[in-house]
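Student: My questions will all concern the structure given below.
All of the numbers you see were taken from the coordinates with simple rules; none came from a lab. On a predicted model such as this, the values are computed, not experimentally measured, just so you know. Here the Cβ positions follow ideal geometry from the backbone for every residue, glycine too, while neighbour counts run over all protein chains shown.
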């Protein structure tokens, strides 16, 4: 809406003249006749001003009582033009008139300009009033929401100082808002999360509350809005149980993190316990009941013992390798190989052993793949990568192994359609004994990828892992071509 | 357990103001929650702060006066008294990142 629009709409084109006794307004009426404004001469003097709800007021200030009229209109924010003399003009304006017209110097231009000017001012005033009103309404609404909220609400600035506290917060802290505002609460950590905190009330009691933090602004500065929900009584038992579990897990995780050696012992003893128990059971059965068993039954127990011993041995080997690699003593015996034949040979073996329940494909770009490589280490690399792919994906899903020639290196990749690795675990996969948090009940030592990395590095190569949860994992190993 | 000073105390032990970092951790009672917070803050300090840092753990239920003096309104609260400017944090301090942030080691 432009200003002119608003003027045409807002101005009702009505002007009310409050005359001075004994004055003549014929000239003024003539001038008005030449404009679109309509002049009405009122009787009754300045006292009728409160009755005027529209239009502009033209007050003849040659009347001795003019200050009453001007100040009354001023108080009510009514648009008033003073009809006055040069000597008086300044006083009239100071008293609160919006504009003035000189009785002796009236002409159409001056009159129109003044009327338009005052109309415009009144329009601005109306706009201002409307906006102030809206603001008051929304502020009152906001205030209602916050004040009546059952949750304690604090606004805390960047320094952790309380800037605002609602009545529920006063209740929780047992302190008045005046006491709370300006006091350091501490910068609340964990935006978008809830956590449980204990409030120290002024009387020495404590209250357990759930704290929720969101980012906000206060006085144009970034701040944090803290919502505090009293949990002291509500679902106390159930909540305590859940919280207990969460904290127990956190504490356990913390203990593991804080001591790699403990973690080593923990994992090793756990991983060794299962095969040892199986050997124990099988051998005990043999010891007690061998005479009552058929050959077949005895054979079954002995096979179990053999299998478990092999498993233990393999684990020992992995551990020994990691230890050796960590001490820089991993043995690397390169020999001339056709890398493609080497890889496809290992893959063929795996198809009939650990990979029997999966579809394992092998694809190699054509060309020659001569290089120097350690067969034993390469077997470790492929065994472990395929074993991982098998362990963490459904039976029947596919595992794609491919070999490509790149400038100066061969790129071997193993891709599965398994459960994937959480993004936050990707960075720590190569730490010994580290296992992603979604492994569930699938067994493992957390050493496999560490062994792979050590073996790849012995070749002077590099390894990278890409993964998406529920989609699968792609491990890429690059081995530099070496010709001897 | 009233006040535990967990910094390694060496022969050249100086006053608190000489430590590279002076931290106060306020907790309420000997609960699993307190244990978890203390464990995390301790580890983060041990791993990321110079060895002469000082971490004072205060149980507000045991030492209400200390809490009142520091105007602690809620626990867990971690106050970095030194280096200046002093800063204080409240909330889930079992999040190691939050602690690092509190120490000014991560933005």
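Student: Rounded if a/c is under 1.5, else prolate if a/b beats b/c, else oblate: with a ≥ b ≥ c from the C-alpha gyration tensor eigenvalues square-rooted, which is segment A:316-424?
Tutor: On the way: a/c = 1.70, a/b = 1.13, b/c = 1.50.
In terms of gyration-tensor shape, oblate.
Student: Which order results if B:48, B:53, A:459 are arranged by neighbouring Cβ count within 10 Å, fewest first?
Tutor: B:48, B:53, A:459
Student: Label-point separation (nm) for residue A:68 and residue A:138, each offset 7 Å from Cα along Cα-to-Cβ?
Tutor: Placing both labels 7 Å along Cα→Cβ, they lie 4.4 nm apart.
Student: Given axes a ≥ b ≥ c from the Cα gyration tensor, I'd like to know whether segment A:290-330 is rounded (a/c under 1.5), prolate (a/b larger than b/c) or oblate. Numbers along the way, then the final one.
Tutor: Numbers: a/c = 8.29, a/b = 6.52, b/c = 1.27.
Prolate, since a/c reaches 1.5 and a/b exceeds b/c.
Student: Fewest Cβ neighbours within 10 Å first, please rank B:59, A:425, A:291 accordingly.
Tutor: Numbers: B:59 22, A:425 15, A:291 6.
Least to most surrounded, the residues fall as A:291, A:425, B:59.
Student: Pairing the Cα long axis of helix A:260-289 with the longest principal axis of chain A, what angle in degrees results, from 0 to 90 and rounded to the nearest 10?
Tutor: 40
Student: Which whole-number percent is the relative contact order of chain A (Cα, under 8 Å, 6+ apart)? If you can, show how the numbers build up before the last one.
Tutor: Numbers: 730 pairs, mean separation 35.9, N = 484.
After rounding, I find 7 percent.
Student: Let me ask something else. Cα axis of helix A:339-352 to longest principal axis of chain A: angle in degrees, 0 to 90, nearest 10?
Tutor: 80
Student: May I ask you to give the average projected area over all directions of the convex hull of the Cα atoms of segment A:128-213, in nm² rounded to one decimal?
Tutor: Numbers: hull surface 27.0 nm².
Result: a mean projected hull area of 6.8 nm².
Student: Working from Cα positions, state the angle (0 to 90°, nearest 10) between the long axis of helix A:108-148 and the longest principal axis of chain A.
Tutor: 40
Student: Do you know the relative contact order of segment A:26-172, to the nearest whole percent, from alpha carbon pairs under 8 angstrom that are 6+ apart?
Tutor: Values: 155 pairs, mean separation 21.2, N = 147.
Relative contact order of segment A:26-172: 14 percent.
Student: With a 10 Å Cβ neighbour count serving as the proxy for reagent exposure, in which order, fewest first, do A:462, A:26, B:87 appear? Mind showing how you got there, number by number?
Tutor: Working: A:462 14, A:26 7, B:87 20.
Lowest count first: A:26, A:462, B:87.
Student: Return, for the Cα atoms of segment A:84-177, the radius of gyration and Dmax in Å, separated by a comma.
Tutor: According to the Cα coordinates of segment A:84-177, Rg and Dmax are 25.5, 73 Å.
Student: When the helices in chain A are scored as -39500 (n - 2.57) per DSSP H run of 4 or longer and the sum is shared across all residues, what 222 nm value do you end up with, to the nearest 500 deg cm²/dmol? Please list the in-between numbers first.
Tutor: On the way: 14 runs with 219 residues, N = 484.
Roughly -15000 deg cm²/dmol at 222 nm, from the helical runs in chain A.
Student: Which of rounded, prolate or oblate describes segment A:306-359 when judged by the alpha-carbon gyration tensor and an a/c cut-off of 1.5?
Tutor: Numbers: a/c = 2.86, a/b = 1.15, b/c = 2.50.
The shape class here is oblate.
Student: Which three semi-axes in whole Å describe the equivalent ellipsoid of chain A, each the square root of 5 times a Cα gyration tensor eigenvalue, listed largest first? Walk me through the numbers before you get to the answer.
Tutor: Values: eigenvalues 1709, 214, 69 Å².
They are 92, 33, 19 Å, listed from largest to smallest.
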